[in-house]
Amino acid sequence: MPVDSRFAATDTDVIVVGAGFAGLYLAYRLSRAGYRLRVLEAAPDLGGTWYWNRYPGARVDVPSVDYMYSFDPDWQQDWQWSEKYATQPEILRYLHHVADKHDLRRHITCGTRVEQARWDEDNAVWHVCTGHDHDITARFLVMATGCLSVPKHVDIPGMERFAGEVYFTSRWPHDPVDFTGKRVAVIGTGSSGVQSIPMIARQAGRLVVFQRTPTFSVPAGNGPLPAQKLELLATDEAGYRQAARMSPAGVPMVRSQTPTFSVPAEERRQRYETAWEAGELLVLLNAFADVMSDREANEEFAEFIRGKIRAVVDDPQTASALCPTTYPVGSKRPCLDTGYYATYNLPYVRLVDVATDPIRGITETGIDTAAESFEFDALVFATGFDALTGALAAIDITGRDAVPLKDDWANGPATYLGLMTAGFPNLFLITGPGSPSVLSNMAVSIEQHVDWVVDCLTDLRAGGFEVIEPTKSAQTGWMRHVDDCAGMTLYACANSWYLGANVPGKPRVFMPYAGGVDFYRAACDEVVARDYLGFARSGSAGVRCNDGVVRRLQPDVQMLLEQMAAAGSPPLESMSADDARAFYALWRSALPPGPEVGEVVDGVLDGDGVELAYRLYRPPSAGPYPVVVYFHGGGCVLGDATTDDAFCRDLCARSDAIFISVDYRHAPETPFPAAVLDGMTAVRWAAANATELGGDPGRLAVCGWSAGGNIAAAVCQIARDAGAPEIVGQALVTPATDYDFTRKSYSDNADGYGLTTSAVRWLFGHYAREADRTDPRLAPLYAESLAGLPPAVVATAEFDPVRDEGDAYARALAAAGVATEHIRARGHTHDSLTLVGFVLSGAPVRAEIADALRRFLAAERLAIH
Ligand SMILES: Cc1cc2nc3c(=O)[nH]c(=O)nc-3n(C[C@H](O)[C@H](O)[C@H](O)COP(=O)(O)OP(=O)(O)OC[C@H]3O[C@@H](n4cnc5c(N)ncnc54)[C@H](O)[C@@H]3O)c2cc1C
């Protein structure tokens with residue numbers, strides 16, 4: 001039902017490629033929304049994944065009641081799942097049932113492979129060419145071609161020579177295969193291998209499994225539908241489905257907030273046991289908050305699973321070969337199984353580890369490895385898929401200016417929201433790269449994508465637009481966000497199909513969106529709410545380009561800010577100084593503890609008649625150590641020597657230096673310049689007492705965050721002018737350096753990023769008077785000269801009101817000839833770099849700061865000078 005079009009008429013409004021889970025729902029939504037549509041499917045029948053993958057043991061690995069459409073809530077009346085994890089035939093029957101119930105077959109043409117799709121710029125039309133040489137035109141083209149629909153090409157020498165039976169799990173015959181008494185080889189131990197091996201072993205006379213990489217597999221505990229889920233669905237199905245949509249992975253579940261090592265060993269073991277017993281993959285990886293982000297945490301869990309494998313498999317050598325050790329658990333897709341490991345205890349089942357005994361080739365009668373020749377009656381290839389991009393690459397797609405998609409994606413796929421790609425107008429992807437896709441319950445992800453696409457077409461129609469395309473900058477921004485999400489995880493530590501590593505020559509790019517179904521949905525919804533941010537649209541209503549990047553914050557920073565906004569904390573400036581201190585101390589004490597260090601000692605230093613409390617952090621290595629005097633943040637009003645505990649621990653451990661976090665007097669009771677004078681006192685004391693503290697007196701640096709950065713900078717200037725003590729380096733983290741509220745960052749980042757401009761004004765108002773403004777001890781940027789100051793590392797954060805003054809100081813230091821490293825922390829806020837264990841994306845920045853400190857403090861470097 002196109003609006004009065006400037007463009008040529010088309011055969012149909014929308015062509016959908018693929019009649020799997022996604023194609024069927026597209027047919028449902030598009031037909032109900034009044035579009036003319038054609039669904040083209042290569043297979044002889046509908047069903048997609050569940051049409052093709054008929055191998056013995058093929059099952060869903062998300063509970064059946066979760067892996068189904070939510071648009072049809074009366075399923076409980078007309079559809080009953082028989083098991084917790086339904087088999088392939090049952091899922092296929094379900095898809096047929098849905099197609100029949102909603103009269104979807106009339107839109108679908110099976111046995112029709114799309115071979116070419118060409119964007120015709122002049123007419124704003126997609127020309128789609130099928131294997132039958134038909135050219136069909138449509139305004140919109142939706143690729144529901146599946147993420148796991150193109151089997152990986154098997155390239156073992158001699159494949160064509162084998163005279164026996166050959167099967168591929170992804171293209172299993174429709175007639176039953178009988179392996180009774182036969183000698184069977186299974187090549188591959190991914191999900192299809194793990195599911196089929198126990199079933200094939202029931203019949204085979206002899207079974208040899210060829211394994212390249214062992215897999216982490218969890219017993220499915222299959223059986224009746226989980227009573228708890230059924231009860232939830234019976235009482236409030238709408239609520240249950242909504243919880244799935246707003247969950248991390250598409251199954252109702254609360255994201256774990258508990259770091260592994262924050263609880264004792266026995267509690268950890270119990271949690272692992274519970275996760276194991278649940279027999280649910282998505283629950284498994286949520287055992288602790290950091291399973292997928294912390295190598296040590298992951299390794300402990302991996303070892304727990306390895307223990308389970310060893311407990312089942314009798315032969316220690318086989319057990320050892322079945323235990324994955326080369327990648328973190330979860331970084332390759334884990335499997336759910338029924339009796340997989342126990343199968344290897346059968347006397348006629350054997351495992352060949354091709355990592356140690358590689359396959360040389362396939363012969364007429366079997367398989368030759370480096371060490372042995374095997375004879376078989378049947379070979380079963382469970383060798384996986386060209387995932388996420390394989391089906392798109394198999395079609396000759398050309399977009400604007402006749403650019404082929406294959407060329408455009410030569411270095412890896414690039415999409416906006418996983419839904420569209422720049423240069424290919426009106427082409428939509430379902431669960432494409434850049435969306436949660438294969439990391440999620442795909443039933444939920446498919447529904448979300450289809451809903452977004454159909455709603456988008458409806459919005460276009462209502463707005464008088466007929467063409468939509470993402471902008472390059474929106475796409476680049478999104479891909480950076482996808483990378484940021486992946487960068488916080490351990491996914492890159494495995495050679496997985498998520499990265500394309502299973503297909504020779506495929507670019508190594510982590511393709512899915514690892515930020516979670518909930519955060520992803522929020523981004524998609526936000527794009528629409530902000531009038532299709534990042535899209536250009538055109539049609540009878542004219543041209544509208546709403547360029548922009550939807551996610552600019554680091555993912556964990558965004559998550560934190562959302563949590564803080566939801567908590568609805570009162571603004572600092574609405575409190576008294578005492579209440580603000582109490583509130584701030586409570587917040588900082590609730591943060592994760594930070595890494596272990598060698599020793600933590602609390603003390604009081606006595607200098608120049610002033611007593612200042614301090615907390616000293618000693619590295620675990622052997623001393624003597626360099627010494628860093630640290631000044632906490634808090635605007636010279638809030639905080640104390642202990643409020644930046646985790647940050648100090650982290651920097652101490654990373655830089656291998658003693659950190660002494662010192663108190664200084666606070667405003668409004670003791671305003672400027674008391675804090676700076678105390679800072680100077682602390683530095684003199686540390687220099688004089690370095691040896692007794694286990695430090696090296698010649699190697700003294702200063703470090704500070706926020707107002708503490710301001711004090712550190714001022715102290716360096718005072719020490720330079722006084723000629724002592726010698727400070728060999730300064731690390732300034734999001735420092736205030738002139739409190740110039742006219743700077744752009746004060747307006748750009750005034751609100752919504754933790755520290756607000758009005759909070760800085762409030763703190764400044766307590767600390768100093770306008771008349772002090774040009775005193776370099778308050779505003780180090782006003783110093784007559786910055787020459788001769790110690791080498792500096794200055795870290796500034798993109799979404800920080802004080803960003804511009806930190807930037808200005810870094811520039812001024814460099815201009816004065818001071819060796820200066822300036823780290824611009826992209827997507828960070830004033831606080832986020834200090835939130836150790838909470839904001840993982842801050843870790844690389846802290847590592848850079850610590851590296852700089854190490855260089856400043858290196859004994860050899862100082863000896864040369
Ligand atoms: C063995 C197996 C088990 C799985 N288990 C789960 C699970 O437990 N949970 C889960 O969330 N996901 C699972 N998946 C992922 C599964 O692919 C999705 O859940 C879902 O079925 C995908 O639906 P789809 O419609 O997007 O794609 P598909 O089901 O793959 O359908 C795509 C269709 O497009 C057709 N097609 C492709 N190219 C062309 C072309 N050029 N022309 C015409 N037609 C074309 C294909 O023939 C196919 O029928 C599993 C995948 C496999 C392979």
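The values are calculated or read from the model by the stated rules, or taken from the named source; none is laboratory data. Treat the numbers as computed from the prediction; the structure is a model and nothing was measured. Every residue, glycine as well, gets a Cβ built from its backbone with ideal geometry; the counts of neighbours run over all protein chains shown. Remember, those area values only see protein heavy atoms, side chains included, never the ligands or the DNA or RNA. Shrake-Rupley method; radii C 1.70, N 1.55, O 1.52, S 1.80 Å.
Of all residues assigned to the range 715-733, at least one qualifies as being closer than 26 Å to Asp578 by Cα and surrounded by 22 or more Cβ atoms within 10 Å (Cβ to Cβ).
Annotation note: Cβ proximity below 7 Å between a residue of the range 377-396 that is over 23 Å from Gln211 (Cβ atoms) and a residue that is charged (D, E, K, R) (sequence gap 6+ or interchain) occurs for Ala393/Lys406; Ile395/Glu115; Asp396/Glu115. The strands (runs of 3 or more DSSP E) found wholly in the range 382-498 and carrying at least 1 residues that are crowded, with 22+ Cβ neighbours inside 10 Å and within 16 Å of the ligand (Cβ to nearest atom) occupy 396-398, 427-429. Entry remark, the range 57-77: residues being within 12 Å of the ligand (Cβ to nearest atom) and on the phi < 0 side of the Ramachandran plot number 11 in total.
Against the numbered list (1) in a helix (DSSP H, G or I); (2) in contact with a Leu (Cβ under 8 Å, 6 or more places away or on another chain); (3) modelled with pLDDT of 95 or more, Cys648 comes up short only at (2). Taken as a whole, the structure leaves Arg93 outside the set of residues that are away from the ligand (no atom under 16 Å from the Cβ), surrounded by fewer than 19 Cβ atoms within 10 Å (Cβ to Cβ) and of a type in the set (D, E, K, R). Whenever a residue of the range 666-686 is open to solvent by less than 20 Å² (accessible area, probe 1.4 Å), its partners that are at pLDDT 95 or above and charged (D, E, K, R), lying with C-beta atoms within less than 8 angstrom and at least six residues away or across chains, give the pairs Ala674/Arg665; Ala675/Arg665; Val676/Arg777; Asp678/Asp663; Asp678/Arg665. Once the range 30-70 is narrowed to residues that are over 28 Å from Ala243 (Cα atoms) and not in a loop (DSSP other than H, G, I, E, B), the residue that is most open to solvent (accessible area, probe 1.4 Å) is Arg38. If you go through the range 329-344 one residue at a time, do you hit one that is open to solvent by less than 60 Å² (accessible area, probe 1.4 Å), assigned to a strand (DSSP E or B) and under 15 Å from Val209 (Cα atoms)? Looking through the range 329-344, none of the residues is open to solvent by less than 60 Å² (accessible area, probe 1.4 Å), assigned to a strand (DSSP E or B) and under 15 Å from Val209 (Cα atoms). Going by the conditions given, is Gly18 at positive phi and more than 8 Å from the ligand (Cβ to nearest atom)? Criteria not met by Gly18.
Of the residues making up the range 136-171, those that are part of a loop (DSSP other than H, G, I, E, B) and farther than 30 Å from Ala370 by Cβ are Ala144, Thr145, Gly146, Cys147, Leu148, Ser149, Val150. All conditions but one from (1) away from the ligand (no atom under 12 Å from the Cβ); (2) closer than 27 Å to Gly221 by Cβ; (3) of a type in the set (Lys, Arg) apply to Arg105; the one that does not is (2). Residues in the range 249-281 that are within 16 Å of the ligand (Cβ to nearest atom) and charged (D, E, K, R): Glu280 alone.
For the range 777-790, the count of residues that are open to solvent by 10 Å² or more (accessible area, probe 1.4 Å), among the basic types (Lys, Arg) and either in contact with an Asp or Glu (Cβ under 7 Å, 6 or more places away or on another chain) or farther than 25 Å from Leu853 by Cβ (or both) is zero.
Among the residues of the range 108-130, those identified as open to solvent by less than 40 Å² (accessible area, probe 1.4 Å) and farther than 25 Å from Gly539 by Cβ are Ile108, Gly111, Thr112, Val114, Cys129, Thr130. The sole residue among Val610, Val637, Val627 that is at pLDDT below 95 and open to solvent by less than 40 Å² (accessible area, probe 1.4 Å) is Val610.
Quick grid of which residues meet (1) open to solvent by less than 50 Å² (accessible area, probe 1.4 Å); (2) in a loop (DSSP other than H, G, I, E, B); (3) closer than 13 Å to Pro214 by Cα:
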{"position": "Glu303", "(1), (2), (3)": "no, no, no"}
{"position": "Tyr327", "(1), (2), (3)": "yes, yes, yes"}
{"position": "Val352", "(1), (2), (3)": "yes, no, yes"}
{"position": "Arg360", "(1), (2), (3)": "no, no, no"}
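Mind listing just one residue for me: the one in the range 131-173 that is open to solvent by 60 Å² or more (accessible area, probe 1.4 Å) and touching a Pro at 6+ places or on another chain (Cβ under 8 Å) and, of those, farthest from the ligand (Cβ to nearest atom)? Only one residue fits best here, namely Asp155. Selection of the range 669-696 for residues being touching a helix residue (DSSP H, G or I) at 6+ places or on another chain (Cβ under 7 Å) and not in a helix (DSSP H, G or I) yields Pro671, Phe672.
Filtered by the rule that a residue be within 27 Å of the chain's Cα centre (by Cα) and either surrounded by fewer than 24 Cβ atoms within 10 Å (Cβ to Cβ) or aliphatic (A, V, I, L, M) (or both), the range 791-821 gives Ala795, Ala797, Glu798.
Considering the range 560-633, the qualifying strands (runs of 3 or more DSSP E), each wholly inside and each with 3 or more residues that are over 22 Å from Phe261 (Cβ atoms) and out of contact with any helix residue (DSSP H, G or I) (no Cβ under 7 Å at 6 or more places or on another chain), run over 599-607, 610-618.
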